[in-house]
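Participant: Below is one structure. I have some questions about it.
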Amino acid sequence: MNLKTELCLGLPGAAGGDVEVDQSVKMKGKRGFSETVDLKLNLHHNDHPALDLSQNVKSLSNNSVIKPPAKTQVVGWPPVRSYRKNVMAVQKSNAEESTTAAKTLPGGGAAFVKVSMDGVPYLRKVDLKMYTSYQQLSDALAEMFSSFTLGISLMAQTKVLCMICHKFNQFRNYGSQGLTDFVNESKLMDLLNSSEYVPSYEDKDGDWMLVGDVPWE
Amino acid sequence: MAYSFPEEVLEYVLSFIKSDKDRNAVSLVCKSWYEIERWCRKRVFIGNCYAVSPMIMIRRFPEIRSVEIKGKPHFADFNLVPEGWGGYFYPWVIAMSKAYPMLEAIRLKRMVVSDECLEMIAKSFKNFRVLVLSSCEGFSTDGLASIAANCRNLRELDLRESEVEDLSGHWLSHFPDTCTSLVSLNIACLGSEVCFSSLERLVSRCPNLRKLQLNRTVPLEKLPNLLCRAPQLVELGTGAYSAELRPESLSNLVNAFTGCKKLKALSGFWDVVPLYLPAIYPVCCGLTSLNLSYANIQSPDIIKLVSQCQNLQRLWVLDYIEDSGLDVLASCCKNLEELRVFPSDPYELEPNVPLTEQGLVSVSEGCPKLHSVLFFCRRMSNAALVTIARNSPNLIRFRLCILEARAPDYLTNEPLDAGFGAIVENCRKLRRLSLSGFLTDRVFEYIGKHAKKLEMLSIAFAGDGDMGLHHVLSGCDSLRKLEIRDSPFGDQALLANAAKLETMRSLWMSSCSVSYGACKLLGQKLRRLNIEVIDERGTPESRPESCPIEKIYIYRTLSGPRFDTPNFIWTMDEEGNSPLGIA
């Protein structure tokens, strides 16, 4: 099962007013190129009903089959220039062709993610591989969207944004213990307790999930 | 008795002769003409940076204003040339900084250019105007900052497809407010975001800006800002062509394009969202060049575009155009001269789109002016090639790449010898040819017999043996560049045609059957060539002489062996040894 997750960043009460449209993720066990997960960052006001974490902890099983390449690739054949190959690889990721060849991914390729924010008329693209923690990512996003002022500085209020990249199928390695550990991480708890906004996200099935559900990896 | 023109008159006449070939001819007439010509030559083109040293160039031509130099062999584009091979611009810029203080233009292809080189350019040439770095590497955005900051009369900065270490987009802000001279700016290959307001101001203050190619990070809704400030643009490369445009942004975009009355060429279109393509409809009828080769759009959208571009002369596109799109192209674009169709999924064996040889046949039927073709496809037949040859006798460049190596005629299972034979027989003006598919020595017989104007030939996974290579080397009178990979050509053909090699710019052979012994022999025989053996397995001396070497690059040179070879290259010398490599 492929977990398709989206995070919508929007004004409180703006749940459902999503700007970005889901695109279905195709499962193809091809060579591990980059892929894109569409993320809409949504910050819900704390008033919203508490989210049931247990419901939203999905055990993610990776039942994808990695199709071996039909033929060993010869160096430099077909004669497509590296420049073109690189550009096309990123394009493919944007077109949401995903690969679940997670085992071949670490270290290889980029992990581009499109982030849209409600009310902001453009998308930004982020390479998840550039960050090793939610904090780093949230800082980067804060910078990216900081020029956009809505009168409410959403980023200033909350620094923690949670992303899920479904191609990293090590979730199952963490199990419930890993989840508990993460949720107990003090910093996260402080923020959740103090912030006016609670970062949350909408996954493929339309369920709202709390940031921090799933470990960064 | 012979009267000669006064020198001044001859110089004046020569100033109208621009082409290198003509200038070279002039210089051969007599000694005094040689002298006069060399003093007034302003442009020099060096097709192989190791064919001649900077000192030789400077000694002969003291008044050069423009240099164009090429470095690595063409197969470097496909990762066949190992890292560290060479092609360094540094020795050139050092020498020229002293000898040519008035240098205005540098155009490089496949060379290694460091930040130091760029800083030297920025410092040394007060009247520097043009920098074109095509498929180059070795420099960063810091080097670009030097150029931007110091070259007060910069007209062209074109980084086409170079590999740049992208530290930040800040370099663009180094263009001073006094810089108003830009005519052409191509930063499409850069990844990081440049400061948009700097870019906007730069565009505003350069009234002669004709060519602007943006990088992906320039968002679509900001494009109108630039277009409105540069309605005189002739060539535009868009940034990312996707966004969530508000209605007024979309109409801004349409208006902006409508205002560009001189636009002739469009490219870019990364991440394209078809919804916004109609914004360019107002300019389609004026377009002569359209590059959609990075655009992930499907045939119906491509057709809608192309059918409005009746004046199109050049189209670069992905195979998403499909045969149906090529049919439309053939019926709408009667002025088409150049077509390139690239593969969207080159490693997939099964066809992912209905693009076949039929599409190319249609275009050859419908477009009488077609002269340059680069076509990637998954199947081909002799019949189709014969038809194409008949329809397009004026072909100058024909590069066909059937994705699967050694693929035969899909209808008859025969080699494609007859098809390519028809191409070379009918297309008498053919200058460049790239072969693919299942081919025997027969096709080389045809090529040797008919392709008398052929200057560049690319061979891969073809032929049966030495006869194939022999046909080409003995028959192709105009051959300058020959590159071969994974073909069973060996010593005999090379040795029998050794003299031919001195009439060519270069020969590349990799994964063929050339032995080390033959290389040594060639080195002995041919004094004015560099015979460079490339072998990453270690010194060929450690293996039997009959053992085939991995790669060989042979080129003519006035400068003798080069001294910047890495430790996996051995240059054969005159005594039949190879002391010039590091063993």
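The values are calculated or read from the model by the stated rules, or taken from the named source; none is laboratory data. No experiment lies behind these values; they were computed from the predicted model shown. Backbone-built Cβ (ideal geometry, glycine too); neighbour counts: all protein chains shown.
Participant: Tally up the residues in region B:64-74 that are touching a Phe, Trp or Tyr at 6+ places or on another chain (Cβ under 6 Å) and farther than 15 Å from B:Leu133 by Cα, please.
Facilitator: 2
Participant: Separate question: Search region B:296-352 for residues being β-branched (Val, Ile, Thr) and in contact with a strand residue (DSSP E or B) (Cβ under 9 Å, 6 or more places away or on another chain), and hand back the single one that is nearest to B:Ser392 (Cα to Cα).
Facilitator: Going through the qualifying residues, I end up with B:Val341.
Participant: Then there is this: How do the helices (runs of 4 or more DSSP H) wholly within region B:401-483 filter down when requiring 2 or more residues that are at pLDDT below 95 and surrounded by fewer than 21 Cβ atoms within 10 Å (Cβ to Cβ): which remain? It would help to see each step written out before you state the result.
Facilitator: Working: elements: B:417-426, B:441-450, B:466-475.
Of the helices (runs of 4 or more DSSP H) lying wholly inside region B:401-483, none has at least 2 residues that are at pLDDT below 95 and surrounded by fewer than 21 Cβ atoms within 10 Å (Cβ to Cβ).
Participant: Which of the residues that make up region B:280-304 are surrounded by fewer than 24 Cβ atoms within 10 Å (Cβ to Cβ) and more than 22 Å from B:Asn215 (Cβ to Cβ)?
Facilitator: B:Tyr281, B:Pro282, B:Cys284, B:Cys285, B:Gly286, B:Thr288, B:Gln298, B:Ser299, B:Pro300, B:Asp301, B:Ile303, B:Lys304
Participant: Looking for something free of Cβ contacts under 8 Å to residues at least 40 places away in the same chain, within 21 Å of B:Tyr50 (Cβ to Cβ) and small (Gly, Ala, Ser) - is there at least one such residue anywhere in region B:547-564?
Facilitator: Within region B:547-564, one or more residues are free of Cβ contacts under 8 Å to residues at least 40 places away in the same chain, within 21 Å of B:Tyr50 (Cβ to Cβ) and small (Gly, Ala, Ser).
Participant: Also, quick follow-up: Could you check, for region B:440-453, whether at least one of its residues is touching a His at 6+ places or on another chain (Cβ under 6 Å) and hydrophobic (A, V, I, L, M, F, W, C)?
Facilitator: Yes, that holds for at least one residue.
Participant: While we're looking at this one, here's another question. Limited to region B:279-328, what total is found for residues that are in a strand (DSSP E or B) and closer than 22 Å to B:Leu233 by Cα?
Facilitator: The number of residues fulfilling the criteria is 7.
Participant: Test B:Leu167 against the criterion of being over 13 Å from B:Val132 (Cβ atoms) and either touching a helix residue (DSSP H, G or I) at 6+ places or on another chain (Cβ under 6 Å) or basic (Lys, Arg) (or both), and give yes or no.
Facilitator: yes
Participant: As an exercise: evaluate B:Leu312 against (1) among the aliphatic types (A, V, I, L, M); (2) more than 14 Å from every other protein chain (Cβ to nearest Cβ); (3) surrounded by fewer than 23 Cβ atoms within 10 Å (Cβ to Cβ); (4) under 29 Å from the mean Cα position of the chain (by Cα) and give the number of the one condition it does not meet.
Facilitator: If we test B:Leu312 against (1) among the aliphatic types (A, V, I, L, M); (2) more than 14 Å from every other protein chain (Cβ to nearest Cβ); (3) surrounded by fewer than 23 Cβ atoms within 10 Å (Cβ to Cβ); (4) under 29 Å from the mean Cα position of the chain (by Cα), just (3) comes out false.
Participant: Now, a different point. Output the residue which, of all residues in region B:261-278 that are of a type in the set (A, V, I, L, M), within 14 Å of chain A (Cβ to nearest Cβ) and not in a helix (DSSP H, G or I), is surrounded by the fewest Cβ atoms within 10 Å (Cβ to Cβ).
Facilitator: Ranking the qualifying residues of region B:261-278, first place goes to B:Val273.
Participant: Can you tell me which residue within region B:240-255, out of those that are of a type in the set (Gly, Ala, Ser) and more than 18 Å from B:Asn291 (Cα to Cα), is nearest to the other protein chains (Cβ to nearest Cβ)?
Facilitator: Out of the qualifying residues, it is B:Ala243.
Participant: Please pick out the residue among B:His74, B:His170 that is away from chain A (no Cβ under 14 Å) and either surrounded by fewer than 21 Cβ atoms within 10 Å (Cβ to Cβ) or modelled with pLDDT under 95 (or both).
Facilitator: Details: B:His74 fails: away from chain A (no Cβ under 14 Å).
Result: B:His170 is the single residue among B:His74, B:His170 that is away from chain A (no Cβ under 14 Å) and either surrounded by fewer than 21 Cβ atoms within 10 Å (Cβ to Cβ) or modelled with pLDDT under 95 (or both).
Participant: Continuing with this model, one more query. Does B:Lys126 satisfy being assigned to a loop (DSSP other than H, G, I, E, B), buried (at least 19 other Cβ atoms within 10 Å of the Cβ) and either out of contact with any Phe, Trp or Tyr (no Cβ under 9 Å at 6 or more places or on another chain) or charged (D, E, K, R) (or both)?
Facilitator: On the way: assigned to a loop (DSSP other than H, G, I, E, B): yes; buried (at least 19 other Cβ atoms within 10 Å of the Cβ): no; either out of contact with any Phe, Trp or Tyr (no Cβ under 9 Å at 6 or more places or on another chain) or charged (D, E, K, R) (or both): yes.
No, not satisfied.
Participant: Sticking with this one: Which residue is nearest to the other protein chains (Cβ to nearest Cβ), if the candidates are limited to region B:317-341 and must be crowded, with 22+ Cβ neighbours inside 10 Å and farther than 12 Å from B:Gln298 by Cα?
Facilitator: Filtering first and then ranking leaves B:Val341.
Participant: Can you spot a residue in region B:351-362 that is out of contact with any Phe, Trp or Tyr (no Cβ under 7 Å at 6 or more places or on another chain) and at pLDDT below 95?
Facilitator: Yes, region B:351-362 contains at least one residue that is out of contact with any Phe, Trp or Tyr (no Cβ under 7 Å at 6 or more places or on another chain) and at pLDDT below 95.
Participant: Here is a list: B:Leu236, B:Leu209, B:Leu226, B:Leu182. Which entry is surrounded by 21 or more Cβ atoms within 10 Å (Cβ to Cβ), modelled with pLDDT of 95 or more, more than 14 Å from every other protein chain (Cβ to nearest Cβ) and part of a helix (DSSP H, G or I)?
Facilitator: B:Leu226
Participant: State all residues of region B:342-373 that are among the charged types (D, E, K, R) and more than 14 Å from chain A (Cβ to nearest Cβ); if no residue qualifies, say none.
Facilitator: Within region B:342-373, B:Glu357, B:Glu365, B:Lys369 qualify.
Participant: Scan region B:61-106 for residues that are in a loop (DSSP other than H, G, I, E, B), in contact (Cβ under 8 Å) with a residue 12 or more places away in the chain and among the acidic types (Asp, Glu) and jot them down.
Facilitator: B:Glu63, B:Glu104, listed by residue number.
Participant: Here is a follow-up. Go over the candidates B:Thr258, B:Thr217 one by one and state the one that is within 11 Å of chain A (Cβ to nearest Cβ), surrounded by fewer than 20 Cβ atoms within 10 Å (Cβ to Cβ) and among the β-branched types (Val, Ile, Thr).
Facilitator: Numbers: B:Thr258 fails: within 11 Å of chain A (Cβ to nearest Cβ).
One residue alone meets the criteria, B:Thr217.
Participant: Could you grab me the full set of residues in region B:6-40 that are in contact (Cβ under 8 Å) with a residue 24 or more places away in the chain, part of a helix (DSSP H, G or I) and not hydrophobic (A, V, I, L, M, F, W, C)?
Facilitator: B:Glu7, B:Glu11, B:Asp20, B:Ser32, B:Arg38
Participant: Tell me the residue from B:Lys42, B:Lys31 that is under 29 Å from the mean Cα position of the chain (by Cα) and charged (D, E, K, R), please.
Facilitator: B:Lys42
Participant: Here's something else I'd like to know. If B:Ser32 passes every condition in (1) surrounded by 14 or more Cβ atoms within 10 Å (Cβ to Cβ); (2) more than 19 Å from B:Ile121 (Cβ to Cβ) but one, which one does it miss?
Facilitator: (1)
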